[in-house]
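Below is one structure; the comments refer to it alone.
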Amino acid sequence: MLDLSKLDFTKGNGLVTVVTQDARSGDLLMVAHADREALERTLATGEMHYRSRTRGLWHKGATSGNVQRVVSLTADCDGDAVLARVEKAGPACHTGEETCFGPGRLDALVALDATIAERAAKAPAAGEKPSYTRRLLDDRNLRLKKIGEEAAELVTACADGDKARAAEEAADVLYHLLVAVRPLGITLDDVKQVLSQRASKAAALTLPREKS
């Protein structure tokens, strides 16, 4: 987590700039400031605290309920700004917008993963016909069978050079993949983390070596 001793609070008269980003969608939520006390409170509670020139120390969401749970805090190269990646409980802006820069963008995969999680957490009521997603979640053989079928259809579309159909089949594969791994406790974030680790390793391998 963030090492406060490496931050330079002197440049901003005791403050550093905090850029807050939605850890799931990547949306830039807001830009604010924090002093050492605000960041200490953030680290202690796991929820974002800021320092306003007019409001003083404030806990984001303390009155609205739109708290921001900390995922990571990273200082920039100069130590006078912090990137806060958070999970938000509601709109980030006091106007009611999702971000201080407008409505934000809908990440389709994030929305899909959230829907699958909702279906997994809630069993259908007595007499209620289960959704297709729920049927897949309840039937391992069906889940695995559908992945194979959808993958084969994607291969066929790619082989035929059918761009539109390939896009449709690729979407089907992604959906069935996320459903298939959900019973194992694997989420979209887990998959992204693996990809991120691989990207970091690949980048490290391609960095130029210093000549001695």
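Some points to look at:
- Charged-residue dipole, Cβ positions (Lys, Arg, Asp, Glu), the chain about Cα centre, Debye nearest 20: 380
- Annotation: per residue accessible area for the chain equals 62 Å², rounded to a whole number [probe 1.4 Å, protein chains only].
- Summary of packing: across the peptides 14-25, 182-193, the per-residue average of other C-beta atoms within 10 Å ranks them, highest first, as 14-25, 182-193.
- Solvent-accessible surface (1.4 Å probe) assigned to V71 amounts to roughly 60 Å².
- Note on the chain: Cα-only Rg and Dmax are 22.1, 74 Å.
- Taking every alpha-carbon pair under 8 Å whose residues sit at least 6 apart, region 130-196 reaches a relative contact order of 35 percent.
- Between 0 and 90°, nearest 10: helix 188-206 axis offset from the chain longest Cα axis: 70
- Rounded to the nearest Hz, the phi-derived 3J(HN,Hα) couplings of region 60-74 under the Karplus curve 6.51 cos²θ - 1.76 cosθ + 1.60 (θ = phi - 60°) are 4, x, 4, 9, 8, x, 8, 5, 10, 7, 6, 9, 7, 10, 9, where x marks glycine and proline.
- Simple spin-label estimate for A62 and T115 gives 3.9 nm between the two label positions (7 Å along the Cα-to-Cβ direction from each Cα).
- The percentage of C-alpha pairs in region 96-212 whose separation is greater than 26 Å is 42%.
- Relative contact order of region 71-212, taken over Cα pairs closer than 8 Å and 6 or more residues apart, is 16 percent.
- In this simple spin-label model, placing a label point 7 Å from the Cα along the Cα-to-Cβ direction at both C158 and N13 gives a separation of 5.8 nm.
- Charge-dipole axis of the chain as Lys and Arg at +1 and Asp and Glu at -1 on Cβ define it, positive-most pick from G61, L137, S196: G61
- Only Cα pairs under 8 Å and 6+ residues apart enter the sum, and on that basis the relative contact order of region 8-97 stands at 29 percent.
- Over the chain: helical MRE at 222 nm, DSSP H runs n ≥ 4 each giving -39500 (n - 2.57), nearest 500: -14000 deg cm²/dmol
- Of the residues V173, A89, P103, the one whose Cα sits farthest toward the positive end of the charge dipole of region 70-212, with +1 on the Cβ of Lys and Arg and -1 on the Cβ of Asp and Glu, is V173.
- Accessible carbon and sulfur surface of the chain relative to its total accessible area, %, 1.4 Å: 54
The values are calculated or read from the model by the stated rules, or taken from the named source; none is laboratory data. Quick caveat: nothing in here was measured; it's all calculated off a predicted structure. Cβ coordinates were reconstructed from backbone atoms using ideal geometry, including for glycine residues, and neighbour counts include every protein chain displayed. When the accessible area is computed, the model is the full protein with side chains, heavy atoms only, and any ligands, DNA or RNA have been set aside. Shrake-Rupley method; radii C 1.70, N 1.55, O 1.52, S 1.80 Å.
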